[in-house]
Amino acid sequence: KRHQAKKIILAEPVASREAIDRIVGELGELGEVIVLETPEYFEAVGQFYQNFEEVSDGQVIQYLK
């Protein structure tokens, strides 16, 4: 929004209904939110993955290069 984007698209594999509502409210008319699964019981993203290990900042930088 700060850079005057015409549209912002957020895609997530899983999210809570509350998080989606908050994001949609923040994005307003600019936003499109795509979520594959919105489970009724949502405690943490990690509960939906077999392997949800932390990634260091250095690893992220390497992946982005």
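Where a number appears in this text, it was derived from the coordinates with a stated rule and is not lab data. Because the structure is a prediction, the values reported are computed rather than measured. Cβ sites come from the backbone with ideal geometry, for glycine too, and all protein chains shown count toward neighbours.
The table below gives the values:
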quantity	calculated
Neighbourhood net charge (11 Å Cβ-Cβ; Lys/Arg +1, Asp/Glu -1) for Leu30	0
Label-point separation, Phe48 to Lys7 (7 Å along Cα→Cβ), nm	2.3 nm
Distant-in-sequence amide H partners of Glu12 (H built 1.01 Å from N, under 5 Å)	Ile34, Val35, Leu36
Among (i) 25; (ii) 51; (iii) 41, the entry that matches percent of Cα pairs over 19 Å apart as calculated here	(ii)
The stretch 18-23 - phi-based ³J(HN,Hα) in whole Hz, Karplus 6.51/-1.76/1.60, Gly and Pro as x	4, 5, 4, 4, 5, 5
Within the stretch 5-65, GluC sites (Glu not before Pro) in DSSP loop having at most 11 other beta-carbon neighbours inside 10 Å	Glu40, Glu43, Glu53, Glu54
